[in-house]
Amino acid sequence: MNHIIIEGGHRLSGTVHISGAKNAVLPLIAAALLPDGVSEIEETPWLTDVCYMCDVLNYLGAQTHYENGTLQINSTGLTDCTAPFEEVQKMRASFLVMGPLLARLGAARIPLPGGCAIGARPIDLHLKGFEAMGARVTIGQRYIEAQVNHLHGARIYLDFPSVGATENIMMAASLAEGTTIIENAAKEPEIVDLANFLGAMGARIKGAGTDVVRIVGVGSLHPARHTTIPDRIEAGSFMLMAAITGSELFLENVITSHLQPMIAKMNDAGVRIIDEIDGLRVLPSGPIMPVEIKTLPYPGFPTDMQAQFMAYLALAAGSSTIRETVFENRFMHVAELAKMGADITVKGHTALIKGVPMLKGAYVEATDLRAGAAMIVAALAAEGETVIGQVDHIYRGYENIVGKLIDVGAKIREE
Ligand code: EPZ
């Protein structure tokens, strides 16, 4: 299946179960390399990115088994420190095995992760952390190699609060000798989720979720069982699908506090949201109000919601601006939205979205994961049929999205 076809203009109704977070479970899977034995991660979403990560672990000698939403990882057989070239090229997050490999084996050989559609995605901050902890790092044409007898604690200042660098350094520091302090650390909920998993393994971590994380290294870690936090970006995407179609949807399995930056902006745009005990309810909302958005590291407005919100604002009663500050090239969806009649101009890192009365179905492409979600948001409200190509990007981060939308009344199919 590499197309999704949507007939727009239909109201949605009912309940959507939000899956475990892609951006939490990928570092959790890497962390399961740290102890010797079998760890279990519940609420693991069955995504292509999860499959890629499991392929990397299998290649390294660990065993993985997925059943009924629970991923079992047995890292007893971890022998190889070289990650597979194809998998790392396919998915940048596989670079997260570098910290655990250095901590566990004292060596890591990782293919240079490809950039991707949304930017160069350097890894200098990851390497800065490992070198500060005593690793000798060499960057070759195709691989990055690192060796260390034993990692030692260090004070590491991140020039940018990189999510991946914070995660990689946290994992490495868990088994280092002494204390590591990460300053200007990323504060995303996924960092806290990883710290909770590491803590369950016996790691000593304080400050996760703040900009200073302290890790006191321990001699060894033991396997643990953990439940992945819900996916705040999937939840935000469904909230906009409800809002743009004037629908009432109930989202179960959400942590409202993780959604606050999005909820605040959606409220400004006229979306009515009720925080109920066991989930969030989006109510049929009035006209879409124009807003100004600037993407920022958490707890700012998330860059991973930028494309979807742009699709929503394409139908606003007025002009909005979106300034993308995290990635250098995350406006690939603008041209695709324009094919549907959106009126958007980009100047540097800022997009000006002039609301139009209507979007028309068209043939569009999912240029990257979140751009794909934006196409679905727009297609659900567009007049007529939209065909979305390159949908493999969407399946990387949205579990059973077509099935979930069919269950709430969307006219959507795969071909
Ligand atoms: C994580 O990517 C997420 N992916 C991304 O989600 C998310 O957009 C991003 O964090 C920001 O929130 C996963 O968690 C698997 P970063 P990551 O390191 O860790 C620069 C999605 O759609 N940087 O915080 O790669 C970098 O160039 C994906 O689900 C350096 O300069 O993001 C970028 O401009 C997309 N040097 C900025 O930091 C480094 O060593 C943010 O990168 C590392 C990063």
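The values are calculated or read from the model by the stated rules, or taken from the named source; none is laboratory data. Small disclaimer: the values here were computed from a predicted structure and weren't measured. Ideal geometry is used to build each Cβ from the backbone, glycine not excepted, and the neighbour counts take in all protein chains shown.
Here are a few things to note about the model shown:
- Hey, ARG225 in contact with an Asp or Glu (Cβ under 7 Å, 6 or more places away or on another chain), of a type outside the set (Val, Ile, Thr) and either buried (at least 20 other Cβ atoms within 10 Å of the Cβ) or under 21 Å from LEU101 (Cα atoms) (or both) or not: yes
- Answer residue from segment 286-302, given it is in contact (Cβ under 8 Å) with a residue 60 or more places away in the chain and within 14 Å of the ligand (Cβ to nearest atom) and is surrounded by the fewest Cβ atoms within 10 Å (Cβ to Cβ) among those: PRO299
- Among the residues of segment 219-236, those that are assigned to a strand (DSSP E or B) and either over 12 Å from the mean Cα position of the chain (by Cα) or closer than 17 Å to PHE309 by Cα (or both) comprise ARG225, HIS226, THR227.
- Under the condition of being of a type in the set (D, E, K, R) and closer than 21 Å to VAL326 by Cα, the residues counted in segment 160-219 number 6.
- Evaluation of ASN329 against the conditions (1) out of contact with any helix residue (DSSP H, G or I) (no Cβ under 7 Å at 6 or more places or on another chain); (2) more than 16 Å from the ligand (Cβ to nearest atom) shows that the sole unmet condition is (2).
- Residues that are at positive phi and within 16 Å of the ligand (Cβ to nearest atom), drawn from segment 337-369: GLY348
- Segment 166-201, subset free of Cβ contacts under 8 Å to residues at least 40 places away in the same chain and in contact with a Lys or Arg (Cβ under 8 Å, 6 or more places away or on another chain), residue farthest from the ligand (Cβ to nearest atom): THR179
- Matching option when the condition is at pLDDT below 95 and in contact with a helix residue (DSSP H, G or I) (Cβ under 8 Å, 6 or more places away or on another chain), among ILE144, ILE156, ILE182: ILE144
- Top-ranked residue of segment 370-390 - restricted to ones that are crowded, with 24+ Cβ neighbours inside 10 Å and within 16 Å of the ligand (Cβ to nearest atom), ranked as nearest to the chain's Cα centre (by Cα): ARG370
- Single residue of segment 134-165 satisfying the filter (closer than 21 Å to ALA93 by Cα, in contact (Cβ under 8 Å) with a residue 40 or more places away in the chain and buried (at least 19 other Cβ atoms within 10 Å of the Cβ)) that is farthest from the ligand (Cβ to nearest atom): ALA146
- The residue pairs whose first member lies in segment 249-270 and is closer than 17 Å to PHE301 by Cβ, whose second member is charged (D, E, K, R) and not in a helix (DSSP H, G or I), and whose beta carbons are closer than 7 Å, counting only pairs six or more residues apart or on different chains, are THR256/ASP275.
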